[in-house]
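Undergrad: Structure in structure tokens, see below.
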Amino acid sequence: MQKNKVSISFKEPGQFEETRFEKIHNVIVKSSEFGSKIVAREIADLILQKQANSETCVLGLATGSSPIKVYDELIRIHHEEALSFYNVVAFNLDEYYPMEVDDTESYHYFMQENLFKHIDINPMNIHIPDGKVSQENLNQFCSDYDSKILEAGGLDFQLLGIGRTGHIGFNEPGSHSNSGTRSITLDHITRVDASTSFMGIENVPRRAITMGIGTIKKAKRIVLLAWGENKATVIKETIEGEISSEVPATYLQSHTNTTFVLDESASSELTRIKTPWLVSTCLWTEELKSKSIVWLCGIANKSVLKLTDKDYNDNGMSGLLAEEGPAYDLNIKMFNKLQKTITGWPGGKPNADDQNRPERTFPNSKRVIIFSPHPDDDVISMGGTFDRLVEQGHEVHIAYQTSGNIAVSDEEALKYAEVALEVSSDNNGETIKAIQALQTGVFNKKTALYIRKIKGLIRRKESLGATRFFGLPDNQVHFLDMPFYETGTVKKNNLENIDIEIVSNLISKIKPHQIFAAGDLADPHGTHKVCLDALFTAVNKLKPEPFMKDCWFWLYRGAWHEWELHEIEMAVPMSENQVLKKRKAIFYHQSQKDNVMYQGEDSREFWVRAEERTKKTAEKYNALGLAEYMAIEAFKRFCF
């Protein structure tokens, strides 16, 4: 059982205080993949321990995106290390109500697909709340569910995720600490977060059945997983806040054997991570100096050059002042560092001293690839920089990594299919079938594939409209259509060699001096993250190639977040005209403009989000005492 074993030194839960702010034991890991392996190993070891003592192992299991890689690792251990689940009894946390067992969005279906059908667990030992139980029998079912857990000996291990409302299971804000298994009305934010899987919030059930807080807290061991930047705020509230029914996960503060396993993004708002100088003595790295000084400007409401020794001393930064002070010297260094990130020449300025510029001067005309996960991320996230690179004479290539077809609504596809039929000279039979299917909602496999082709073509032609608007030749626009994406559903396939080869072949063909890519590293399960993984793998594979020594790698962020100021290494300012030009380029993506299928909790259109984000970045630079610009697009360099 030692093969591929992953281990980490957990401090003893219940005897833990990482800082005076934290009230729950937590472990921060580099990635969700690594953290999932740690947790899967703990579960596997518990199962083996119980088997050695001829005991049943009672597991409480969760659904959602957070535990998927835990289940993947348990399946691997089962197949490669012969771990048996014959002694495991499983109780799932929750289920939508009403919900049929065989519905692809049911948690019965989720657990079968992601774990149970791949292991040797006895089907009689699987317990999941019944989403089709009648209303009159619902209360009795919930009472019986708790009784079955007690009869099995109680939960030995409970696996949890956490929602943005602070819910565990479906225990929404207002849940009582002693609550048992029951039906509950779902919070609007919970339904918004589930809307992607259900193809729209209108399809998300309004109710669910969930284990209660009291049921969960009776578990002997609890591990909660949290991945990604969108969980950071609620994680801080849960770990550092007071126990409150408004954040149900805070009830875990009173459990004596709970561990939160967090990736770096999910932990980013914890005091010891965000502002470690407020917690203990710091090792003042260059990154931490920049981070702390930018933070201090915000706290003191001053520009960089106006900070005083007193500002540093009064805000936990006396150690930095002692090492690097006085304030005047620190301020000058920081001001110069920020100033040097700003450039109107994202491909390097010809015939200029590049010692203090973000990009090299030579070669004056560079080959550039902008990788765009979907067919609009390029203009949404870096449309101004894209335009600058073309105007300044660089050979720019756009690589759309996926077709983006799933994000086109059926209504939009129907509109285009009807136009195609109207102008068609031969009344294409497949188009007629597609129109009928879109009108009735009844699809066969062949027609569904044809409709996805229509949707993919819609996004291709929209993309070409935008790239032509920027003056880019069509032969420099590449539609990669990476196979991992082409499932026709929200859930995508795992990356395979063919995906990596498609990316590698394009890079090898163009031999770029610059690569721009979506750096949404906080998104462990979304398309952006998968596309970036493919790109990283391809670049690592190509590193020995001579042309790669001259290739610089720049990461941009998406429509929701921006790099923090201390992270930015290239800031490209935009004039009012450039902002308007970028807006028009985004408008070419008409299918994504007025009725976006995967909007998230932000109801604004993408062009509005993009303008607000770049405007705020410019305002932050100005608040620190730098020049005032209309908008700024930001980039961080990644070095392999």
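Undergrad: Take Ala327 and decide whether it is of a type in the set (A, V, I, L, M), exposed (fewer than 15 other Cβ atoms within 10 Å of the Cβ) and without any contact (Cβ under 8 Å) to a residue 40 or more places away in the chain.
TA: no
Undergrad: Checking His78 against (1) surrounded by fewer than 18 Cβ atoms within 10 Å (Cβ to Cβ); (2) in contact with an Asp or Glu (Cβ under 8 Å, 6 or more places away or on another chain); (3) more than 30 Å from Arg206 (Cα to Cα), which single condition isn't satisfied?
TA: The single condition His78 does not satisfy is (1).
Undergrad: Filter segment 112-126 for residues that are open to solvent by 30 Å² or more (accessible area, probe 1.4 Å) and within 17 Å of Ile47 (Cβ to Cβ) and give the result. Outline the logic, then answer.
TA: Just the residues of segment 112-126 that are open to solvent by 30 Å² or more (accessible area, probe 1.4 Å), to begin with: 112-113, 117-118, 120, 122-126.
Within segment 112-126, His118, Asp120, Asn122, Asn125, Ile126 qualify.
Undergrad: If Leu464 satisfies every condition in (1) part of a helix (DSSP H, G or I); (2) farther than 22 Å from His589 by Cα but one, which is the exception?
TA: Here Leu464 clears every test but (2).
Undergrad: Let me ask something else. Taking interchain pairs and intrachain pairs at least six residues apart, which have beta carbon atoms under 7 angstrom, with the first residue in segment 222-235 and on the phi > 0 side of the Ramachandran plot and in contact (Cβ under 8 Å) with a residue 60 or more places away in the chain and the second outside any strand (DSSP E or B) and of a type in the set (A, V, I, L, M, F, W, C)?
TA: Hits for this filter: Gly228/Ala266; Gly228/Ala522.
Undergrad: Restricting attention to segment 366-376, does a residue exist that is out of contact with any Pro (no Cβ under 6 Å at 6 or more places or on another chain) and surrounded by fewer than 23 Cβ atoms within 10 Å (Cβ to Cβ)?
TA: Scanning segment 366-376 turns up no residue that is out of contact with any Pro (no Cβ under 6 Å at 6 or more places or on another chain) and surrounded by fewer than 23 Cβ atoms within 10 Å (Cβ to Cβ).
Undergrad: Further question: Looking for whichever is over 25 Å from Gln355 (Cα atoms), without any contact (Cβ under 8 Å) to a residue 40 or more places away in the chain and in a helix (DSSP H, G or I) here; the options are Asn577, Asn540. Which one fits?
TA: After applying the criteria, what remains is Asn577.
Undergrad: Looking at segment 347-364 only, could you name the residues that are closer than 18 Å to Gly384 by Cα and either out of contact with any Leu (no Cβ under 6 Å at 6 or more places or on another chain) or of a type in the set (Asp, Glu) (or both)? If you could, list the steps in order and put the result at the bottom.
TA: Pass one, segment 347-364, residues closer than 18 Å to Gly384 by Cα: 347-349, 358-359.
Gly348, Lys349, Pro358, Glu359 - these are the residues of segment 347-364 that are closer than 18 Å to Gly384 by Cα and either out of contact with any Leu (no Cβ under 6 Å at 6 or more places or on another chain) or of a type in the set (Asp, Glu) (or both).
Undergrad: Out of the residues in segment 209-236 that are more than 28 Å from Thr527 (Cα to Cα) and not in a loop (DSSP other than H, G, I, E, B), which is nearest to the chain's Cα centre (by Cα)?
TA: Across segment 209-236, the extreme among qualifying residues is Ile222.
Undergrad: Checking the condition assigned to a helix (DSSP H, G or I), free of Cβ contacts under 8 Å to residues at least 60 places away in the same chain and open to solvent by 20 Å² or more (accessible area, probe 1.4 Å), which residue from Ile451, Ile502 passes?
TA: On the way: Ile451 fails: open to solvent by 20 Å² or more (accessible area, probe 1.4 Å).
None of the others qualify; the one that does is Ile502.
Undergrad: Within segment 532-554, restricting attention to residues that are out of contact with any helix residue (DSSP H, G or I) (no Cβ under 8 Å at 6 or more places or on another chain) and of a type in the set (Phe, Trp, Tyr), which residue is most open to solvent (accessible area, probe 1.4 Å)?
TA: Trp552
Undergrad: When you check Ile406 against the structure, is it farther than 30 Å from Ser292 by Cα and at pLDDT 95 or above, yes or no? Write out each step before concluding.
TA: On the way: farther than 30 Å from Ser292 by Cα: yes; at pLDDT 95 or above: no.
Considered against the rule, which asks whether it is farther than 30 Å from Ser292 by Cα and at pLDDT 95 or above, Ile406 comes out as no.
Undergrad: Just wondering, is there one or more residues in segment 367-385 that are over 20 Å from Phe606 (Cα atoms) and out of contact with any strand residue (DSSP E or B) (no Cβ under 6 Å at 6 or more places or on another chain)?
TA: Checked segment 367-385: no residue is over 20 Å from Phe606 (Cα atoms) and out of contact with any strand residue (DSSP E or B) (no Cβ under 6 Å at 6 or more places or on another chain).
Undergrad: Six or more apart or on different chains, Cβ atoms under 6 Å: show the pairs whose first residue is in segment 583-602 and within 17 Å of Val490 (Cα to Cα) and modelled with pLDDT under 95 and whose second is assigned to a loop (DSSP other than H, G, I, E, B) and of a type outside the set (Asp, Glu).
TA: That search, which allows pairs on different chains as well, returns Met597/Ser409; Tyr598/Thr196.
Undergrad: Then there is this: Looking at (1) open to solvent by 10 Å² or more (accessible area, probe 1.4 Å); (2) part of a loop (DSSP other than H, G, I, E, B); (3) closer than 24 Å to Gly163 by Cβ, which is the one condition that is false for Ile24?
TA: Status for Ile24: all satisfied but (1).
Undergrad: Moving on to the next point. Restricting the search to segment 171-200, which residues are of a type outside the set (A, V, I, L, M), part of a helix (DSSP H, G or I) and touching a residue at least 24 places away in the same chain (Cβ under 8 Å)?
TA: Thr190, Asp193
Undergrad: Considering only residues that are open to solvent by 10 Å² or more (accessible area, probe 1.4 Å) and over 17 Å from Ile632 (Cα atoms), which ones fall in segment 377-402?
TA: Our first condition is that a residue be open to solvent by 10 Å² or more (accessible area, probe 1.4 Å); within segment 377-402, this holds for 377, 388, 390-395, 397.
Across segment 377-402, the qualifying residues are Val390, Glu391, Gln392, Gly393, His394, Glu395, His397.
Undergrad: Would you say Lys340 is basic (Lys, Arg) and surrounded by 17 or more Cβ atoms within 10 Å (Cβ to Cβ)?
TA: So Lys340 fails the test.
Undergrad: Another question about this same structure. Listed residues Arg557, Arg468; which is crowded, with 22+ Cβ neighbours inside 10 Å and either out of contact with any strand residue (DSSP E or B) (no Cβ under 9 Å at 6 or more places or on another chain) or of a type outside the set (A, V, I, L, M, F, W, C) (or both)?
TA: Going through Arg557, Arg468 in turn, the sole match is Arg557.
Undergrad: Which of (1) under 24 Å from Phe34 (Cβ atoms); (2) among the hydrophobic types (A, V, I, L, M, F, W, C); (3) open to solvent by less than 50 Å² (accessible area, probe 1.4 Å) is the odd one out, the single condition Cys282 does not satisfy?
TA: Unmet condition: (1).
Undergrad: Let me ask another. Go through segment 471-499 and give me each residue that's of a type in the set (Asp, Glu), open to solvent by 30 Å² or more (accessible area, probe 1.4 Å) and under 22 Å from the mean Cα position of the chain (by Cα).
TA: Asp481, Glu486, Glu496 - these are the residues of segment 471-499 that are of a type in the set (Asp, Glu), open to solvent by 30 Å² or more (accessible area, probe 1.4 Å) and under 22 Å from the mean Cα position of the chain (by Cα).
The values are calculated or read from the model by the stated rules, or taken from the named source; none is laboratory data. Note that the structure is predicted; figures quoted are calculated from it, not measured. No Cβ is skipped: glycine too gets one built from the backbone with ideal geometry, and neighbour counts run over all protein chains shown. These accessible areas exclude ligands, DNA and RNA; they are computed on the full protein's heavy atoms, side chains included. Shrake-Rupley method; radii C 1.70, N 1.55, O 1.52, S 1.80 Å.
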